[in-house]
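Asker: Take a look at the following structure, please.
The values are calculated or read from the model by the stated rules, or taken from the named source; none is laboratory data. Values in this document were obtained by computation on a predicted structure and should not be read as measured data. Backbone-built Cβ (ideal geometry, glycine too); neighbour counts: all protein chains shown.
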Amino acid sequence: MLRIHFSSADVLGLRVSAAPDPLWELLLSLHAAQTVGISGALRAWRTAVRGKLAPSAALLWPLARPQGYSPDFLTPTAGEKGFDAGLDQLLATSRPRLRADLALLARPTSWTTDLADGRSEALHRLGDALEAYHAVAIEPFWDVILRVAGADRERRAATAIAEGAGTMLTTLHPDVRWDDSVLEVAYPVDQDVHLDGQGLTLVPSFFCRPGPITLLRQNEQPILVYPVDRDLESLATVGHARFGQGLTALLGRTRARVLHAIAAAAPVTTSDLAREVGVSVAGISQHTSVLRDAGLITTVRDRGFARHRVSPRGEALLSG
C-alpha cells in the first residue's frame, strides 16, 4: 500500500500538471511493451510500434521491467520541460545516484553494471537508445497523448471545483481511497510519503497501468503519476499512429504541437507553453503569432501575462 500523508497546506498545494512528462511516458511505455495481456489503446499502440523499434531498445528492457523497481533517475524533474531537457538531466546523473538506483534492480546485467559504474560509453549508449526509442514509440503519438491528457485534466479540475480535492483524488483510480488526510493507493510495496507542506503534483499519463505510481525517493516536489482515461481517444487512431500527421503537414511539427498544447491546457501562458513544448519563449511567441493571425487561437492579456486559447476555427481543425 502507498500512503501519501497530507497536511492542510498540502491539500492547498495540490496541482495537476498541464501535460504528461515525456520521460515518464517513455518509462511507462517500456513497461506496457513488455506486459502480457494488455488491451485497448495500449495494445493498439504496441501493435503500431512493433517491428519499428531499433535494436538498441534491447538495452532498455532490463531497466524497465513491467514488475518491480525501475530506477528513479530515468524520470528526472527536468522532464516536465520536454524530452531534450529531461534527457540532458538524466545523462548528467551522478555516479553515486546511478549506483544506488541500479543496485535495486532485481536482475542486474553486465550492461546495467557498466551503467552503474558511470562509464561514459554506457551512458552514451543509453542516451542513443532512449532517443531512438522516443522517436518511434512516443514522439509520433505525442499530439494525441496531449489531447487525451488535456481532456482528463479538465474533468479533474471540474470535479475538484464542484466536489473538493478529496473527491477528485478518489477519481484517479478505483484502487485509490482518500481517508481524512491520507491518500491510500493499492501498490506492490509498502511505502509512506509525507508531503510536509510541499504539496503534491499529479502527472497524467497515457501509458500508466495498472494504477498510479510514484518515485521511491521523492524529489523536492513530490509527484504521483496516474493513468488517464484512454477510452477518450479512438483506438483506431492510436493503432494506425496517424493522429496529428495531417495537421503536422499543414502547420509543421512544432507549430502543430503548440496548437495541441494550447488545446490541452487552455488558457495557457507563453512561458508555460515554452516549457511544455520544449521551445524558447521567443520561439513560442513567433508560433502563437502565426496561429493567431490564422485565426486558430485567441490571446488575451491577464495580469501581465498573455493567455492563449484555441478558437472555434482551431477546434474544428483539431477535430479533423
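Asker: Taking helices (runs of 4 or more DSSP H) that fall entirely within the stretch 12-91, which contain at least 1 residues that are at pLDDT 95 or above?
Answerer: Ranges flagged: 22-33, 83-91.
Asker: Just the residues that are surrounded by fewer than 16 Cβ atoms within 10 Å (Cβ to Cβ) and under 18 Å from SER7 (Cβ atoms), please, taken from the stretch 168-183.
Answerer: ASP179, ASP180, SER181, VAL182
Asker: Has the stretch 119-141 got at least one residue that is of a type in the set (D, E, K, R) and closer than 27 Å to ILE262 by Cα? Give the derivation first.
Answerer: Our first condition is that a residue be of a type in the set (D, E, K, R); within the stretch 119-141, this holds for 119, 121, 125, 128, 131, 139.
Restricting the remaining residues to those that are closer than 27 Å to ILE262 by Cα gives 131, 139.
Yes, the stretch 119-141 has at least one match.
Asker: Here are some conditions: (1) at pLDDT below 90; (2) surrounded by fewer than 20 Cβ atoms within 10 Å (Cβ to Cβ). THR269 meets all but one. Which one does it not meet?
Answerer: That leaves (1) as the condition not met.
Asker: Can you name the residue in the stretch 119-148 that is in contact with a Ser or Thr (Cβ under 8 Å, 6 or more places away or on another chain) and not β-branched (Val, Ile, Thr) and, of all such residues, is surrounded by the fewest Cβ atoms within 10 Å (Cβ to Cβ)?
Answerer: First pass over the stretch 119-148, keeping only residues in contact with a Ser or Thr (Cβ under 8 Å, 6 or more places away or on another chain): 125, 128-129, 132-133, 137-138, 143-144.
Now drop any that are not not β-branched (Val, Ile, Thr), which leaves 125, 128-129, 132-133, 137, 143.
On the way: ARG125: 16, ASP128: 13, ALA129: 19, ALA132: 17, TYR133: 22, ALA137: 24, ASP143: 23.
Restricting to residues being in contact with a Ser or Thr (Cβ under 8 Å, 6 or more places away or on another chain) and not β-branched (Val, Ile, Thr), the top hit is ASP128.
Asker: Could you say which residue among ALA106, ALA132, ALA122 is touching a residue at least 40 places away in the same chain (Cβ under 8 Å), part of a helix (DSSP H, G or I) and assigned by TED's automatic domain parsing to the domain that holds SER29?
Answerer: Working: ALA106 fails: part of a helix (DSSP H, G or I); ALA122 fails: touching a residue at least 40 places away in the same chain (Cβ under 8 Å).
Sole residue among the options that is touching a residue at least 40 places away in the same chain (Cβ under 8 Å), part of a helix (DSSP H, G or I) and assigned by TED's automatic domain parsing to the domain that holds SER29: ALA132.
Asker: Kindly state which strands (runs of 3 or more DSSP E) lie completely within the stretch 151-208 and contain at least 1 residues that are in the same structural domain as LEU12 (by TED's automatic domain parsing), at pLDDT 90 or above and more than 21 Å from the chain's Cα centre (by Cα). So that I can check it myself, show each step before the final result.
Answerer: Details: elements: 176-179, 182-185, 191-194, 201-205.
It comes to 176-179, 182-185, 191-194.
Asker: For the stretch 137-171, name all the residues that are over 30 Å from ALA54 (Cβ atoms), in contact with a Leu (Cβ under 9 Å, 6 or more places away or on another chain) and among the hydrophobic types (A, V, I, L, M, F, W, C).
Answerer: Those that are over 30 Å from ALA54 (Cβ atoms), in contact with a Leu (Cβ under 9 Å, 6 or more places away or on another chain) and among the hydrophobic types (A, V, I, L, M, F, W, C): ALA151, ALA160, ALA165, MET168, LEU169.
Asker: Then there's this: The conditions are (1) at pLDDT 90 or above; (2) of a type outside the set (Asp, Glu); (3) in contact with a strand residue (DSSP E or B) (Cβ under 6 Å, 6 or more places away or on another chain); (4) closer than 29 Å to ARG309 by Cα, and HIS134 fails exactly one of them. Which is it?
Answerer: (3)
Asker: In the stretch 262-281, which residues are over 16 Å from ILE297 (Cα atoms), outside any helix (DSSP H, G or I) and among the β-branched types (Val, Ile, Thr)?
Answerer: Hit for the stretch 262-281 is VAL279, nothing else.
Asker: On the basis of being in contact with a strand residue (DSSP E or B) (Cβ under 8 Å, 6 or more places away or on another chain) and not aromatic (Phe, Trp, Tyr), does LEU74 make the cut? Let's see the steps before the verdict.
Answerer: Details: in contact with a strand residue (DSSP E or B) (Cβ under 8 Å, 6 or more places away or on another chain): no; not aromatic (Phe, Trp, Tyr): yes.
Here the answer is no, as LEU74 does not meet what is asked.
Asker: Select from the stretch 170-198 the residues that are under 18 Å from ALA9 (Cβ atoms), of a type in the set (A, V, I, L, M, F, W, C) and touching a helix residue (DSSP H, G or I) at 6+ places or on another chain (Cβ under 9 Å) and list them in ascending order.
Answerer: Matches in the stretch 170-198: TRP178, LEU183, LEU195.
Asker: Further question on the same structure: Just one of ARG65, ARG43 is more than 20 Å from ALA129 (Cα to Cα), of a type outside the set (Gly, Ala, Ser) and under 19 Å from the mean Cα position of the chain (by Cα); which is it?
Answerer: Details: ARG65 fails: more than 20 Å from ALA129 (Cα to Cα).
Within the list ARG65, ARG43, the selection yields ARG43.
Quick grid of which residues meet (1) touching an Asp or Glu at 6+ places or on another chain (Cβ under 9 Å); (2) without any contact (Cβ under 8 Å) to a residue 40 or more places away in the chain; (3) buried (at least 18 other Cβ atoms within 10 Å of the Cβ); (4) outside the structural domain of LEU115 (by TED's automatic domain parsing):
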residue	(1), (2), (3), (4)
ALA33	no, no, yes, no
VAL36	no, yes, no, no
SER39	no, yes, no, no
TRP45	no, no, yes, no
PRO55	no, yes, no, no
PRO62	no, no, no, no
PRO71	yes, yes, yes, no
